[in-house]
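Here, each number is a calculation from the coordinates, and none is a lab measurement. Here the structure is a predicted model, which is why all the values come from computation and not from measurement. Here Cβ is always computed from backbone atoms with ideal geometry, including for glycine, and neighbour counts include all displayed protein chains.
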Amino acid sequence: MARPLVYQITNGVSAQLQADCVALLGGASIMSRQIAEAGEIASSCDALLINIGTPPDDALALYRAAASAAAKNNVPIVIDLVGYGFSKYRTDIADTLLAEFRFSVIKGNEAEIGALGGSGAAPRGVSCDTAVNGAARLVEACAEKYGCTVYSTGETDNISDGRDSFVIDGGSPLLRGTSGIGCALGSVTALYCAGEGPLEAARRALRLFRRASAEAAADAEGPYSFRIKFMDMLAEYGSILLDEVK
Ligand SMILES: Nc1ncnc2c1ncn2[C@@H]1O[C@H](COP(=O)(O)OP(=O)(O)OP(=O)(O)O)[C@@H](O)[C@H]1O
Ligand SMILES: Cc1ncsc1CCO
């Protein structure tokens, strides 16, 4: 497939980074928050990402319009549960979508997936790095409940499709030194879902980010030069070492 088109409905903070990641890994993005064109775009793209980071007033109607058109056309859908469990508004929206649609991948940081799995703790804001006890088990339980691939990110990443489960570690904590890299990971997951099954796509994205961050950290002078080097390394490993990071 030449340049898979990823329809990204996302937050206003990370959008540029997300579009850049998709572009440097060989995809193309379209971003729009207009309900009027959501069905049209979703039915002709190769993957849909719904990131609830900065939900607009009409968020539920927008996400529904996009998700229902994607589902009708067998377009894979990735949902990034940014801030799930923090505000009731976004948690209710996400729960409604999760009840109505079958997603290819559900992702969040450990605190967000912990909240989804009923850990009893809630994240404080977005990008929360609170560790959750039993994260791997919670990811597996969510994968079984929602019938899809689920992953959580943090010091270690946990991924499961309800049958097979993996832990991914390594990389660099500098990934957390600036904002939006988790959102970009969601975009790359959606991009890879255009070409392969959700578990393989998500594992590949997670491993690519760990691998690229380890290389970038080796000669970064600080969190921002790291961020630039990380993007270069993503491009390098994304095109050269696809099999190795699979
Ligand atoms: N302590 C850590 N060490 C190494 N890598 C990490 C660590 N914490 C997170 N990561 C990696 O950083 C990336 C972003 O994960 P993170 O959990 O920060 O997402 P997030 O909270 O959704 O981020 P954001 O909201 O800023 O987009 C992932 O690739 C994850 O594997
Ligand atoms: C800071 C922030 N607020 C909503 S989304 C976002 C980007 C990181 O998730």
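Annotations
- Using 0.36 nm per residue and subtracting the Cα-Cα separation, the extra length available between Ala121 and Arg102 on full extension is 4.3 nm.
- Annotation: extensible slack from Thr156 through Ser239 equals 27.4 nm (criterion: 0.36 nm per residue apart, minus Cα-Cα distance).
- Neighbour cut-off at most 12 other Cβ (10 Å), DSSP loop, trypsin sites (Lys or Arg not before Pro), the stretch 1-110: Arg102
- Site pair Ala218 and Glu144 shows an inter-label distance of 4.1 nm when each label is modelled 7 Å from Cα along Cα→Cβ.
- For the chain, a Kirkwood hydrodynamic radius built from all Cα pairs, placed in the Stokes-Einstein relation at 10 °C and 1.306 mPa s, yields a translational diffusion coefficient of 91 µm²/s.
- Here Gln16 and Ala36 are evaluated by their C-beta separation; at R0 = 35 Å the FRET efficiency comes out at 0.90.
- Site pair Asn73 and Asp169 shows an inter-label distance of 4.2 nm when each label is modelled 7 Å from Cα along Cα→Cβ.
- Pairs of Cα atoms nearer than 8 Å and 6+ residues apart set the relative contact order; for the stretch 5-199 it is 22 percent.
- Charged-residue dipole, Cβ positions (Lys, Arg, Asp, Glu), the chain about Cα centre, Debye nearest 20: 260 debye
- The charge dipole of the stretch 23-114, taken about its Cα centre with unit charges on the Cβ atoms of Lys, Arg (+1), Asp and Glu (-1) only, comes to about 100 debye.
- Cut-off 10 Å between beta-carbons: net charge of the residues surrounding Ala212, Lys and Arg +1, Asp and Glu -1: +1
- Since only Val82, Thr54, Ala66 are under comparison, the one whose Cα sits farthest along the positive direction of the charge dipole of the stretch 1-108, derived from C-beta charges on Lys, Arg, Asp and Glu, is Val82.
- Where both bridge residues fall in the chain, DSSP classifies roughly 25% of the beta bridges as antiparallel.
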